[in-house]
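Visitor: Would you mind keeping the following structure in view while I ask a few things?
The values are calculated or read from the model by the stated rules, or taken from the named source; none is laboratory data. Being a predicted model, the structure only gives us computed values, none of them experimental. So basically every Cβ, Gly included, is an ideal-geometry build from the backbone, and we count neighbours across all protein chains shown. All accessible areas refer to the heavy atoms of the entire protein, side chains included, with ligands and DNA or RNA removed. Shrake-Rupley method; radii C 1.70, N 1.55, O 1.52, S 1.80 Å.
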Amino acid sequence: MFSIVDLHFNKLQWKNPFLPSSSEFLDYSSNNITSMIPNISTSLKATKFLSLSRNQITGEIPSSICHEAFVLEVLDLSYNNLSGPIPPCLGSIESLTVLDLRGNNFHGNIPDTFPKKCNMMSLNLNGNKLEGPLPRSIANCKMLEVLDLGNNKLAGNFQYWLNSMSMLRVLVLRSNKLHGAWGNQGAKYNFPLLQIIDISSNNFSGTLSKNWFSSLKTMMVKEAHGNNENQILSFNNPSRVIYYQQTVTVRSKGIDLELIKVLTIFTSIDFSNNKFEGKIPEGVAYFTSLRILNFSGNALTGSIPSAFGNLTDLESLDLSRNKLTGEIPSQLATLSFLSFLNLSFNNLEGKIPSGSQIQTFEPSSFEGNAELCGFPLPKNCSSSIIESPQNSLNSEDKFDWVLLVLAFLGFVVGAGMVIGLQFFWKKGRDWANERMNKILKIT
């Protein structure tokens, strides 16, 4: 009867949304639907796409949604007021390629029920209240391109099986309670397609593995994208009616930015607000397609790699609140696309490089580095690098120096008087002796 029902972006206020059983495509997103999802098990026999996103639906997802949804490929219930646990049966639907439940109030653990023949390409559970560890069965989803579990209460350490997910393009784990070392120094890494990685605001620790970063091949060579520079990350099948455009939220220039159309050339790394130590891996400097790099809020040491000048597409660089030392590389002044820079609260020193780009930033980008000088900071390098000896002395030292000079002059004057008196005394004595001899000869 109906093949496509598309009623999104209206003002529908139905208590029981009309779900025709013969439709393959059902889109009721961005309306004012407020009621709990009804029992729709018999309405999804032929449905491949179902979106009730951005409504005001409350309650729990009924488990009946899984009973006859044998061909369902896209299920989008994002940005509602749904609560309760996620039905375990959702993960076991083999036909499902997209599951988007972000922006709700789901709690409990993520169901560990993803089948061995999992066809999932996008799993987005961001912005809920989910707890527990990352479920091991997610590794069964070999075709997974987007895994967004950010802004939950997930706990546990790095899961080694993440290394086997070679098709991942987007990995977001930000704002959870994950901890331990990121990656395994002895493990084999295989992330050739990863373009967005966000593990910020957790408790990951240890050093940043250069082997892990060396596996991010997509970020290294801009030419590798070829003619796909305008390609949008989406999931569609020309032989079907299914088309789903992926959106991802990243933090850029200090604000959250929702990428409505995720271009395959957009690349971002955010490891901020963790407990990482050691030096910045040199390999990061060769991610020539990188747009956003954020290592702030860690305990990184060493200098800023001068090879960062290779990051010609970089728009945002945040290395603040670390323990970095040395001078700011002059190569940063050549990054013409850089519109956000924060190097504050480190141990950097020397003159801020001059250049048309780097000098456009506010003093706050460089504050908290006591030995930095030059524009835009008020500290003048010429008066702070070399001073004459008398200017470099403090008031107490100057007072001691004056006393020393006066003492020396006093010594010279006193010695001169003594020598002078001795000189005149000798002359007088000789004169007296000569006069006495003459008197005696006369007599």
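Visitor: Please specify each residue of the stretch 273-283 satisfying the condition of being among the acidic types (Asp, Glu) and modelled with pLDDT under 95.
Guide: Across the stretch 273-283, the qualifying residue is only GLU282.
Visitor: Can you pull out every residue in the stretch 284-319 that is of a type in the set (Asp, Glu) and at pLDDT 95 or above?
Guide: Scanning the stretch 284-319 gives a single hit, ASP318.
Visitor: Give LEU52, LEU19 a once-over and let me know the one that is under 20 Å from SER95 (Cβ atoms) and modelled with pLDDT of 80 or more.
Guide: Step by step, each of LEU52, LEU19 is checked, and only LEU52 is under 20 Å from SER95 (Cβ atoms) and modelled with pLDDT of 80 or more.
Visitor: I want to confirm something. Restricting to the stretch 55-69 and keeping residues that are modelled with pLDDT under 90 and of a type in the set (Ser, Thr, Tyr), which single residue is least open to solvent (accessible area, probe 1.4 Å)?
Guide: SER64
Visitor: To continue, here is another question. Given the condition in contact (Cβ under 8 Å) with a residue 12 or more places away in the chain, among the β-branched types (Val, Ile, Thr), closer than 12 Å to LEU99 by Cα and open to solvent by less than 30 Å² (accessible area, probe 1.4 Å), answer yes or no: does some residue in the stretch 126-144 qualify?
Guide: no
Visitor: So which of SER122, SER166 is open to solvent by less than 50 Å² (accessible area, probe 1.4 Å) and either more than 22 Å from GLU60 (Cα to Cα) or modelled with pLDDT of 95 or more (or both)?
Guide: Testing whether each residue is open to solvent by less than 50 Å² (accessible area, probe 1.4 Å) and either more than 22 Å from GLU60 (Cα to Cα) or modelled with pLDDT of 95 or more (or both) leaves just SER166.
Visitor: Something else about it: Quick check on the stretch 327-354: of everything there that is free of Cβ contacts under 8 Å to residues at least 40 places away in the same chain and polar (S, T, N, Q), which residue is surrounded by the most Cβ atoms within 10 Å (Cβ to Cβ)?
Guide: ASN346
Visitor: Let me ask another. Restricting to the stretch 301-317, count the residues that are touching a residue at least 60 places away in the same chain (Cβ under 8 Å) and either assigned to a strand (DSSP E or B) or buried (at least 22 other Cβ atoms within 10 Å of the Cβ) (or both).
Guide: 1
Visitor: Which of the numbered conditions does MET36 fail, given that it passes all the others? Conditions: (1) open to solvent by 20 Å² or more (accessible area, probe 1.4 Å); (2) in contact with a strand residue (DSSP E or B) (Cβ under 6 Å, 6 or more places away or on another chain); (3) at pLDDT 80 or above.
Guide: So the condition that MET36 fails would be (3).
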